[in-house]
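In what follows, a single structure is set out as structure tokens and then discussed.
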Amino acid sequence: MLKKEQNELVTRTSKGTAMGELFRRYWLPALLSEELPEPDCAPVRLQLLGERLITFRDSSGTLGAIDEFCAHRGVSLWFGRNEEGGIRCPYHGWKYDTQGRCIDIPSEPADSKLCDRVKLSAYPLIERGGVIWIYMGEPEHQPALPEWEFATVPADQSFMTKRLQECNWLQALEGGIDSSHVSFLHSGGLKHDPLFKGSKGNEYNLGDLRPHFEVAETDGGLLIGARRKAEPGSVYWRITPWVMPNFMMVPPRADHPVHGHFWVPIDDENCWAWSFDYHPTRALKESEVQAMKDGAGIHCKYVPGTYIPLANKSNDYLMDRARQKSGELYSGVESIAIQDSSLQESMGAIQDRTKETLTSTDRGIVQARRRLIAAATALAESGTPPPGMEAALQHIRSVALVSPEAAPFPAVAEEALQSAPGKPHATV
Amino acid sequence: MLKKEQNELVTRTSKGTAMGELFRRYWLPALLSEELPEPDCAPVRLQLLGERLITFRDSSGTLGAIDEFCAHRGVSLWFGRNEEGGIRCPYHGWKYDTQGRCIDIPSEPADSKLCDRVKLSAYPLIERGGVIWIYMGEPEHQPALPEWEFATVPADQSFMTKRLQECNWLQALEGGIDSSHVSFLHSGGLKHDPLFKGSKGNEYNLGDLRPHFEVAETDGGLLIGARRKAEPGSVYWRITPWVMPNFMMVPPRADHPVHGHFWVPIDDENCWAWSFDYHPTRALKESEVQAMKDGAGIHCKYVPGTYIPLANKSNDYLMDRARQKSGELYSGVESIAIQDSSLQESMGAIQDRTKETLTSTDRGIVQARRRLIAAATALAESGTPPPGMEAALQHIRSVALVSPEAAPFPAVAEEALQSAPGKPHATV
Amino acid sequence: MLKKEQNELVTRTSKGTAMGELFRRYWLPALLSEELPEPDCAPVRLQLLGERLITFRDSSGTLGAIDEFCAHRGVSLWFGRNEEGGIRCPYHGWKYDTQGRCIDIPSEPADSKLCDRVKLSAYPLIERGGVIWIYMGEPEHQPALPEWEFATVPADQSFMTKRLQECNWLQALEGGIDSSHVSFLHSGGLKHDPLFKGSKGNEYNLGDLRPHFEVAETDGGLLIGARRKAEPGSVYWRITPWVMPNFMMVPPRADHPVHGHFWVPIDDENCWAWSFDYHPTRALKESEVQAMKDGAGIHCKYVPGTYIPLANKSNDYLMDRARQKSGELYSGVESIAIQDSSLQESMGAIQDRTKETLTSTDRGIVQARRRLIAAATALAESGTPPPGMEAALQHIRSVALVSPEAAPFPAVAEEALQSAPGKPHATV
């Protein structure tokens, strides 16, 4: 349970807010590479952290994210012509490069200096792992480039999607680091989903509905361990790393690709749920990729031509009461991703955390909120850089393993939690 | 004409408002029985008086109306699984019974006492006459169960529908107790509607456009009499009872079923218009029920799968200017129910009663407002229980009769106004 | 660039605002004649300057614009029956004439005087040039009837349309008097549009992207001249007259009809863009009228049954990136009208003029704002009647001509700027 002012602090991310400034210290997933597929392709609107930007790939392939609106008279550059090294406003032909610099005002006299004085704000974009990343903070604080394993393995080992989620980013994150709901909400998925099923771990998961939770602090965030009964004398650990502010990985199952999420605020009442799947040691199978494209695993089906889930708030997530009743679909909502979004969105645009009843299984959520509030406050009050920006902290993996009952957490997985090229992941 | 603060007082019904507390002293129609047709059926969202509830029928058939949101982390229980004696949140499996008590938290240790401390607010529901009724007030003030005649006659003598109306409840009620508009707005219905036509009274109705109105106070509300010329020396009385706060009955016509309404606030800008038809001494004919289902009488056609009228604000009520012009449809809008809702909704979400010009035919409206304001104020200021809660006051009927000119109102109908099992109604 | 309070003053037009009172001193285009085609036709809702009215043509053909809501209980008279000399509210039959006077309350006793005391506010309408004009100010300030040339030439020489624009009126006007965007945004139109192409002036337009701008004050507004290079020793002038507050004319091209606009505020975030085409000396050709109906020139295609452009904000103006890329359609948006509306709407509902970078080509915009602010302030502070109301000031034309380099502005076009019946227009 949070006080009202704590809930405000931890959920709001527009410019000048404490949490907004914290987010502006990290590289954030901004677009899929497929959205800006080639030089001089169509520009794409991007709203993140409440700011409206236009993004484009110029003639040389350089990426740019600049103010959406022309400095002249405020026209949206979404209507712009992406041509010969910049984007040109179609109203009077003012042209900008990827740094936001004005490079042409064709109606000005040849000796005019106006162009040199015009500059739109701009943020750096980089591309890695099929994702275009943005850094929206001050240049002097720009951190090292992202080195998450999913983004650094060979391209054929990794697959990424994004979907619109119509609620604040934090309740989406809280769902992601809450391992305890899997045995309920996603119980069907454990049995039937082609990217989940067939793991010995799933049996432990469904066989012990009262997992013991342990949470350990790391330099970058938390390790959230859920311990369940396995064979006599042994236990099944699922360990979820969370790295500040919005990255987490789901513990693996069998030889399936391992997956995880980012949640990136669009504004305070909407976010992008990013979902990746990768295998650390082999290419993804064609059948796996096809399943992901078909909405299996943590991915979803879309309204054609958009990143809006086909099953969404406006259609009650295509609730199927008959399959809910029969138990075939525990919640009546199809797909793991939509099971999550449907419930998270039902909490309201911003969950009122002054009304809730947390319990021992919510320990990860409680500590993540505490870390976020502490880091945002320290940054706001004394300029303390927030944790989790070092690339080394990104060499992390989720873990699923069976160990002797007595093995202590998190030492039980110390080695397995570190990623390294070609190193197999610890999975059950 | 009301002062601004009076209009606020009499129209707003959320928790803590004067009129809201008054409404919370009565049994109100909440759902049709058909909406919760059987044990363990799908739960149904219910918003009334600004409060959001989830309603369900448990395995034993017991009805429940509890807070919509799970006490744990705020998920809407609309997504819940209605199973084995309670509704279970699909997120982490917390389960509630019809009283709002938490009866299972499967992730808790066996000896946990958390469950005993968790309770969602809950309101009693009862079922009578095809309607599920709710009482949203303090338990110590719960009144006797509803005994309206339509709800206590044998089931085959009664038929009930509801429809969404996109405006404040009071302007809908005011339309209902305003007998004078019938000769204009519904003039076509008097001639052609299968549930209205063929009454001698209709001829009086259409033949005298300047009725004389009398209003008498009763313990529970008002009797609103409209006197029109009949044969020489005699007069035609139509007497509409209004019982506080939101019940009224339309005077009968010939041997048709007699009908009436409740208007129940959803929030301050929307209400449910409830519409019943019953015959006190015989089963409804198949043709009558079919006509009602087809939208005749005071019922309507729906957007399939909803209780939203097919002809509604978003489509200009399917206005037919050609039939309006020809006079075939006086207002150009089909169906008596939609003729009412179209005009009432056109007044705005909450009619601005500081701008109006009331006249003698509005006497019923004026007195009803006065009674409502007085009762709400007395309840708020000194805890005086509002009128109309006693079941005996519900043994009331509307009346249509022809009497000698000199017969005084309301004595002219004293006997006919009382309902009694098997007693024929006074109709012309 | 404006200060925040200046931007508020110049954009807001509801009753009681400075600019709203200024607008209420002029005859404004309200409806197309085709919207009220015949006596006793269907009434039409009209919202202008934030006020909601109902307009109708009575049995004798007289036009009326009265309060939308019945004085009795507030029902919208859009539902009214237009019959025998007035519009009758279908609720209780109250009837109003075109002056807003109540002329019948059928439920009142024969000797009632109520009707005489009931009056809805009403504004005069007149019809001229296929347009129904409204005057929404005090009767004592009513100006002479509109004498714009397009409205006074024979009917077969003139054609008028209107379309909804989803933004404040001022940014639409500013686009209209901004001659410099034509060479960019509408460059395709100059080459291909049947109502624009084939003019020698277009070659000058496209050949000189750095026009020299001059602005001259007139009694009624501004003359905005754009001078471009023509043959050696001569220059090409395009002169756009703006008459306060919202009239302008585009300079002509070859023997095409000449055109212009009004922008009339619906409310502060929407306006009607009125677009006329006329020829001062000949009837429009069938092919020209057909082209206008098909959306060529400054007209557009519609959502059937409405005055909403088919290409609008909700569908991203049917942006065609392939044709934008190929250069076939400079902005990717088809039709000159929609090229304008798409960019103007993209500035936001009300452009934030505290953030812009104006340049020499924006001189007309700067001076128009200054005139508007000065006139609205003078009217508000000392009752000074605003300029431009005299009919004589409406005898104005736009001009396109080639002159010797040295000819001074605006003297170069003094004669050509005056309209007169049968006088050919100055065009290149």
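The values are calculated or read from the model by the stated rules, or taken from the named source; none is laboratory data. These numbers come from a predicted model, not from an experiment. Here the Cβ positions follow ideal geometry from the backbone for every residue, glycine too, while neighbour counts run over all protein chains shown. Side chains included, ligands, DNA and RNA excluded: accessible areas come from the protein's heavy atoms. Shrake-Rupley method; radii C 1.70, N 1.55, O 1.52, S 1.80 Å.
Figures for the structure shown
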| quantity | calculated |
| --- | --- |
| Considering residues of the range C:298-344 that are outside any helix (DSSP H, G or I) and at positive phi only, the residue farthest from the other protein chains (Cβ to nearest Cβ) | C:SER335 |
| C:CYS271, sole failed condition from (1) under 19 Å from A:GLY80 (Cβ atoms); (2) open to solvent by less than 50 Å² (accessible area, probe 1.4 Å) | (1) |
| Filtered residues of the range A:269-301 (kept if in contact (Cβ under 8 Å) with a residue 60 or more places away in the chain and of a type in the set (S, T, N, Q)) | A:ASN270, A:SER275, A:THR281, A:SER287 |
| Residue within the range A:359-381 that is out of contact with any Ser or Thr (no Cβ under 6 Å at 6 or more places or on another chain), assigned to a loop (DSSP other than H, G, I, E, B) and within 14 Å of chain B (Cβ to nearest Cβ) present | yes |
| Total residues in the range B:18-58, condition surrounded by 21 or more Cβ atoms within 10 Å (Cβ to Cβ) and of a type in the set (Ser, Thr, Tyr) | 2 |
| Single unsatisfied condition, C:ARG228 versus (1) surrounded by fewer than 24 Cβ atoms within 10 Å (Cβ to Cβ); (2) touching a strand residue (DSSP E or B) at 6+ places or on another chain (Cβ under 6 Å); (3) touching a residue at least 40 places away in the same chain (Cβ under 8 Å) | (3) |
| Criterion (small (Gly, Ala, Ser), closer than 18 Å to B:GLU38 by Cα and facing chain A (nearest Cβ under 9 Å)) met by exactly one of B:GLY129, B:GLY80 | B:GLY80 |
| Long-range neighbours under 6 Å by Cβ, at least six apart or interchain, first residue assigned to a strand (DSSP E or B) within the range C:236-252, second basic (Lys, Arg) and open to solvent by 10 Å² or more (accessible area, probe 1.4 Å) | C:TRP237/C:ARG227 |
| Subset of the range C:24-73 [in contact with a strand residue (DSSP E or B) (Cβ under 7 Å, 6 or more places away or on another chain) and of a type in the set (Phe, Trp, Tyr)] | C:TRP27, C:PHE56, C:PHE69 |
| Members of the range A:254-268 found to be outside any strand (DSSP E or B) and open to solvent by less than 10 Å² (accessible area, probe 1.4 Å), listed by number | A:PRO257 |
| Qualifying residue in the range B:97-106 (condition: closer than 27 Å to B:ALA420 by Cα, outside the structural domain of B:HIS256 (by the TED database), among the basic types (Lys, Arg) and surrounded by fewer than 22 Cβ atoms within 10 Å (Cβ to Cβ)) | no |
| Of all residues making up the range A:208-225, the number that are farther than 29 Å from A:VAL264 by Cβ and either open to solvent by 60 Å² or more (accessible area, probe 1.4 Å) or β-branched (Val, Ile, Thr) (or both) | 3 |
| Criterion violated by B:GLN6 - all others in (1) closer than 23 Å to B:LYS162 by Cα; (2) surrounded by fewer than 20 Cβ atoms within 10 Å (Cβ to Cβ) satisfied | (1) |
| Restricting the range C:382-405 to residues that are assigned to a helix (DSSP H, G or I) and open to solvent by less than 40 Å² (accessible area, probe 1.4 Å), the residue that is farthest from A:PHE69 (Cα to Cα) | C:ALA391 |
| Where B:GLN351 falls short, out of the listed (1) within 14 Å of chain C (Cβ to nearest Cβ); (2) under 18 Å from the mean Cα position of the chain (by Cα) | (2) |
| Among residues of the range B:36-69, those that are free of Cβ contacts under 8 Å to residues at least 40 places away in the same chain and in a loop (DSSP other than H, G, I, E, B), counted | 8 |
| Residue in the range A:173-192 that is more than 14 Å from chain B (Cβ to nearest Cβ) and in contact with a Lys or Arg (Cβ under 9 Å, 6 or more places away or on another chain) present | yes |
| Positions within the range B:38-84 being among the acidic types (Asp, Glu) and under 17 Å from A:GLU356 (Cα atoms), in sequence order | B:ASP67, B:GLU68 |
| Pick from the range C:280-304, criterion open to solvent by less than 50 Å² (accessible area, probe 1.4 Å) and in contact with a strand residue (DSSP E or B) (Cβ under 7 Å, 6 or more places away or on another chain), ranking: farthest from C:ILE336 (Cα to Cα) | C:LEU284 |
| Checklist (1) of a type in the set (D, E, K, R); (2) touching a strand residue (DSSP E or B) at 6+ places or on another chain (Cβ under 8 Å); (3) open to solvent by 50 Å² or more (accessible area, probe 1.4 Å) applied to B:GLU328, failing item | (2) |
| Any chance A:ARG81 is out of contact with any Ser or Thr (no Cβ under 8 Å at 6 or more places or on another chain), open to solvent by 20 Å² or more (accessible area, probe 1.4 Å) and among the basic types (Lys, Arg) | no |
| Qualifying residue in the range B:321-342 (condition: closer than 26 Å to A:ASN315 by Cα and in contact (Cβ under 8 Å) with a residue 40 or more places away in the chain) | no |
| Hey, C:ILE373 closer than 13 Å to C:GLN6 by Cβ, crowded, with 16+ Cβ neighbours inside 10 Å and not charged (D, E, K, R) or not | yes |
| The one condition in (1) out of contact with any Cys (no Cβ under 8 Å at 6 or more places or on another chain); (2) under 18 Å from B:GLN165 (Cβ atoms) that B:MET347 fails to fulfil | (1) |
| Lone unmet requirement of (1) in contact with a strand residue (DSSP E or B) (Cβ under 7 Å, 6 or more places away or on another chain); (2) open to solvent by 20 Å² or more (accessible area, probe 1.4 Å); (3) within 14 Å of another protein chain (Cβ to nearest Cβ); (4) not hydrophobic (A, V, I, L, M, F, W, C) for B:ASN205 | (2) |
| Scan of the range A:83-126 for residues that are within 11 Å of chain C (Cβ to nearest Cβ) and of a type in the set (Val, Ile, Thr), ordered by number | A:ILE105, A:VAL118 |
| One residue from A:ASP116, A:ASP111 being open to solvent by 10 Å² or more (accessible area, probe 1.4 Å) and part of a helix (DSSP H, G or I) | A:ASP116 |
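Every residue, every condition in (1) closer than 21 Å to B:PRO241 by Cβ; (2) in the same structural domain as B:PRO252 (by the TED database); (3) free of Cβ contacts under 8 Å to residues at least 12 places away in the same chain; (4) surrounded by fewer than 17 Cβ atoms within 10 Å (Cβ to Cβ), yes or no:
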position	(1), (2), (3), (4)
B:GLY129	yes, no, no, no
B:ILE132	no, no, no, no
B:ALA155	no, yes, no, yes
B:ASN168	no, yes, no, no
B:GLY175	yes, yes, no, no
B:GLY188	no, yes, no, no
B:LEU195	yes, yes, no, no
B:LYS200	no, yes, no, yes
